[in-house]
Amino acid sequence: MQKKTAYSFPDEILEHVFSFIQSGKDRNAASVVCKSWYEIERWCRRKIFVGNCYAVSPTMVIRRFPDIRSIELKGKPHFADFNLVPDGWGGYVLPWISEMAGAYPWLEEIRLKRMVVTDESLELVAKSFTNLQVLVLFSCEGFSTDGLAAIAASCKNLTELDLRDSEVDDLSGHWLNHFPDTYTSLVSLNISCLGSDDVSFSALERLVGRCPNLRRLLLNREVPLDKIANLLSRAPQLIEFGTGTYAAELRSDVYSNLAEAFCNCKDLKCLSGFWDAVPAYLPVIYSVCSRLTSLNLSYAPIQNPDLTKLVSQCPSLQRMWVLDYIEDSGLEVLASSCKDLQELRVFPSDPFGEEPNVSLTEKGLVAVSSGCPKLHSVLYFCRQMSNEALVTIAQNCPNFTRFRLCLLDPKIADYRTLQPLDVGFGAIVEHCKDLRRLSLSGLLTDRVFEYIGMHAKKLEMLSVAFAGESDLALHHVLSGCESLRKLEIMNCPFGDKALLANAAKLETMRSLWMSSCSVSLGACKMLGQKMPRLNIEVMDEKGPPDSRAESDPVDKLYIYRSVAGPRFDMPPFVWTMDEDFASELS
Amino acid sequence: MEGELVLLGGGGGGGGGGSAGVSTNESAVLSKVEVVVSEACSYPAESELELGLGLSLGGATGKTKPATATSSWGECGRILTAKDFPSVTKNGGPSVSVSGTKRAAESVSHEGGSPTGVSGSSQVVGWPPIRAYRMNSLVNQAKSQRADEGDSGIGEKDKPKDALKKKLNYNGNKISSTTTVNEKGHLGFVKVNMDGIPIGRKVDLNAHSCYQSLAQALEDMFLRSTNSVGNSSLLVFYSFSALCGDVNAIKPPLFFIGAEKEQLTKAPKLLDGSSEFGDWMLVGDVPWRMFVSSVRRLRIMRTSEANGLAPRFHDSNERQRSKPI
């Protein structure tokens, strides 16, 4: 007689239950309960997130999950955004697309971040996934408008095409023409990254005109201001809109058309673009301002008082991205006007200038932290900071989830006491118990890392530059931060000891990046030998590591856990320290 | 085994101009271009303007670090005559921001304390942590603001007129002599490809203020990691966008000489529908500012392959295959 247990539901019921579990983490947890749950779960998983495309191979994914409809892949390490990862490093999507083409013909969503996507890959996508609905290429590169034309021509069910921050080779301006006249399903289009010759405006107009469900449209810089009114009038249902260049000679007809067009967009909640913005045309959006929840002015060179005046008209703002032209005074206005503010990003207008060009200091951030109780995500570039300010901010905002402070001079001390900023950042991690992401800057000793290791228990991502004095700092982080997934370090005096002492920790993390530090080749080799489930990749453009002494520091080090073993698509300047490394080269 | 990285000033319709080797650093700083930063290269009294700039490689310079992080831009190369190919090893070049190298970063971080202000930080790769896309947008902004302020960055005063008269004649386009260049597109980081090396690189032009430092950076990038440069000189070409006037009226395709890479063999279409292979410009001809605002790509070739290419703009059928290194 079969033992009846509480878990002997029919599979269909379990499957039905699992269908309510959307989060990958929860699904992963369910899948390890028992073998039958593993089996049922894997057959009904539809969505998969691979945070590091080299952590697993496409074959393995397909073998385990036979019917995926949505995939998200990330490639290069985060510091690739700042040009620290040379071209050719890797992150190619083609192997994934090739294998999925056969295995997942019903794939609906592809989201890629920091991957190399070629026209060949895009053509294969277009050919293989007739049901494709969502294609997001976030910070990708390697493709041209030809690839986009293939997608446009073939993907009849496409609802979302988002090329956010990608580098696209502009070959032809007419790829938009490849959307057939019968195509009407577009909901979201982000082409803000495209260069000059990429977009045929008439094709864009026709496309917008025939897609009644279009809710999100982010234009590229080259779309002139006088064309926007026409475009908006064809899509008054837009929720999110990104302008092109926001500069033109002031003409009353253009002005009034624009104002009317914006006024008719009753659902508009998010605005961005505003390249080269001139103050004269700002008032055309005033009718929308009261509804705005998200405003991205980080490409707009407008200054106070125009900038502050605009901000003061947006009481519903939840997300604000702006240049430091807003200055402390503008941030104070923001703090008093926008009580729903959750996310603030302030970018530098002149990052390399020796003297400050604007009056933006720590005071602005203190004001916002004080006035906006819902603030939880901050990215702030400025030139001075004090421990006192950081402590105040931490006390004002114990709900921070993301705190990234970038002092333009990377080793600057507390400007009032000339002390390191250890205590200030320590207060941040101590008060903000839910902090998931932290970026440090300024003069920092090992002490701040001691605070981080002690308090930052939910921290998942830490970015460090020009900080610390010894390996102890790294040891504090690796041994104390229980939730750490990604650690990226540049230009810090960290060497072998902490790394080797915490080698096991590295298997619990997605990745570790260290560049311009003091980790020796010998330590890398040792890690490679002892930790088979880690890929230890040494990057050095001066030549193969074996040409140097074991004690020489490596230029760049990228360590990530993987069940797929070392990769084979590395460029000549990347070496993997696996068990065979030493013997291979001898 | 020495090669040279030579930036030739030989554009225009005339002859290729001489190439010049440059020995760095001991002698007075000479440059024919104006630099933006205050520690400017000084100008020679007897500038040979049709000569280019070049830097010799030297073999033993593998780990040169500048003595100070605050680069004295004054340590630029010296222009010599065309016959002069010195084999002086360079040292103490400015610490430049180059993708992939850490020399500058090291020198900055090992300075006692931080450099004053952020003057040193523009030379550190990856700092401040701003995406290239955003950085380029800022650059465009800053440039047009400076242009608006009437800053004569071109340095016309400092150059004899004949240099300016070297037209970048392309389909009849002439360079405007004003600085109000309508820049669009992604400036700042430009792609650099060297023939024979499959992997291209990117260089941040904003981290340089003169051709010498750019040459230095390119040298660091390409010529250190390959050890078979041989004795031939290398030329740096650039492709450019329309420099003036109505950008919308004149669509400037990139022009390529037959190259290995797939994307480079596609002939871009001109506005009138014809397509044409054209030439690249030789770097070093125009004032630095104008160059930076118009360049889109760089390409490094050996002189042996490049001979005969430079002077002609419309020898569109002249394809040169470069030999692999």
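Looking at this structure, is A:K525 buried (at least 19 other Cβ atoms within 10 Å of the Cβ), modelled with pLDDT under 95 and basic (K, R)?
On the way: buried (at least 19 other Cβ atoms within 10 Å of the Cβ): yes; modelled with pLDDT under 95: yes; basic (K, R): yes.
Answer is yes for this residue.
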Legend entry - Selection status of A:Y246, within 14 Å of chain B (Cβ to nearest Cβ), closer than 19 Å to A:N230 by Cα and within 28 Å of the chain's Cα centre (by Cα): yes
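Okay, residues lined up against (1) in contact with a Lys or Arg (Cβ under 8 Å, 6 or more places away or on another chain); (2) over 14 Å from A:L161 (Cα atoms); (3) at pLDDT 90 or above; (4) surrounded by fewer than 22 Cβ atoms within 10 Å (Cβ to Cβ):
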site: A:H174; (1), (2), (3), (4): no, yes, no, yes
site: A:Y183; (1), (2), (3), (4): yes, no, yes, yes
site: A:V187; (1), (2), (3), (4): yes, no, yes, yes
site: A:I191; (1), (2), (3), (4): no, no, yes, no
site: A:R216; (1), (2), (3), (4): no, no, yes, yes
site: A:L219; (1), (2), (3), (4): no, no, yes, no
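Test A:E450 against the criterion of being in a helix (DSSP H, G or I), under 18 Å from A:F400 (Cα atoms) and of a type in the set (D, E), and give yes or no.
Values: in a helix (DSSP H, G or I): yes; under 18 Å from A:F400 (Cα atoms): no; of a type in the set (D, E): yes.
So A:E450 does not fit the description; no.
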Legend entry - Matching residues in region A:377-413 - criterion: being farther than 21 Å from A:L323 by Cβ, within 24 Å of the chain's Cα centre (by Cα) and surrounded by fewer than 21 Cβ atoms within 10 Å (Cβ to Cβ): A:P398, A:N399, A:T401
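Only one residue in A:K525, A:K505, A:K497, A:K530 is of a type in the set (D, E, K, R) and in contact (Cβ under 8 Å) with a residue 40 or more places away in the chain, so which one is that? Spell out the reasoning first.
Working: A:K505 fails: in contact (Cβ under 8 Å) with a residue 40 or more places away in the chain; A:K497 fails: in contact (Cβ under 8 Å) with a residue 40 or more places away in the chain; A:K530 fails: in contact (Cβ under 8 Å) with a residue 40 or more places away in the chain.
Matching residue, one of A:K525, A:K505, A:K497, A:K530: A:K525.
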Inset, instruction - Go through region A:380-421 residue by residue and tally those that are more than 14 Å from every other protein chain (Cβ to nearest Cβ) and among the aliphatic types (A, V, I, L, M). - result: 5
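Could you check how many residues of region A:59-78 are under 23 Å from the mean Cα position of the chain (by Cα) and surrounded by fewer than 20 Cβ atoms within 10 Å (Cβ to Cβ)? Steps first, please.
Keep residues of region A:59-78 that are under 23 Å from the mean Cα position of the chain (by Cα), which gives A:69-78.
When the remaining residues are screened for being surrounded by fewer than 20 Cβ atoms within 10 Å (Cβ to Cβ), the result is A:69-70, A:72, A:78.
Number of matching residues: 4.
Please work out which residue is surrounded by the most Cβ atoms within 10 Å (Cβ to Cβ), limiting yourself to region A:127-154 and to residues that are among the aromatic types (F, W, Y) and either more than 18 Å from the chain's Cα centre (by Cα) or within 18 Å of A:S98 (Cα to Cα) (or both). Steps first, please.
Of all residues in region A:127-154, those among the aromatic types (F, W, Y) come to A:129, A:138, A:143.
Now narrow it down to the ones that are either more than 18 Å from the chain's Cα centre (by Cα) or within 18 Å of A:S98 (Cα to Cα) (or both): A:129, A:143.
Working: A:F129: 24, A:F143: 26.
Result: A:F143.
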Inset, instruction - Determine which single condition A:E469 fails, assuming it passes every other condition in (1) within 15 Å of A:W513 (Cα to Cα); (2) within 13 Å of chain B (Cβ to nearest Cβ). - result: (1)
Inset, instruction - Please list, ordered by first then second residue, the pairs with beta carbon atoms under 6 Å, 6 or more apart or interchain, first in region A:45-58 and outside any strand (DSSP E or B), second surrounded by fewer than 17 Cβ atoms within 10 Å (Cβ to Cβ) and acidic (D, E). - result: A:P58/A:E99
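Return yes or no: is A:S31 of a type in the set (S, T, Y) and within 27 Å of A:P532 (Cβ to Cβ)?
Numbers: of a type in the set (S, T, Y): yes; within 27 Å of A:P532 (Cβ to Cβ): yes.
So A:S31 fits the description; yes.
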Inset, instruction - Identify the residue in region A:88-112 that is surrounded by 20 or more Cβ atoms within 10 Å (Cβ to Cβ) and either within 20 Å of B:N136 (Cβ to Cβ) or over 23 Å from the mean Cα position of the chain (by Cα) (or both) and, among all such residues, is nearest to the other protein chains (Cβ to nearest Cβ). - result: A:M100
Inset, instruction - Write out, first by first residue and then by second, each pair whose Cβ atoms fall under 7 Å of each other, whose residues are 6+ apart or on separate chains, and whose first residue, in region A:333-357, is at the interface with chain B (Cβ under 10 Å from one of its Cβ atoms) while the second is surrounded by fewer than 21 Cβ atoms within 10 Å (Cβ to Cβ) and among the charged types (D, E, K, R). - result: A:F347/B:R134; A:N357/A:D350
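Show me the strands (runs of 3 or more DSSP E) entirely contained within region A:483-577 in which 3 or more residues are within 26 Å of A:R402 (Cα to Cα).
On the way: elements: A:486-490, A:511-515, A:534-539, A:556-561, A:574-576.
Those strands (runs of 3 or more DSSP E) span A:486-490, A:511-515, A:556-561.
The values are calculated or read from the model by the stated rules, or taken from the named source; none is laboratory data. Remember, predicted model here, so these are calculated numbers, not experimental data. Neighbour counts run over all protein chains shown; Cβ positions are idealised from the backbone, glycine included.
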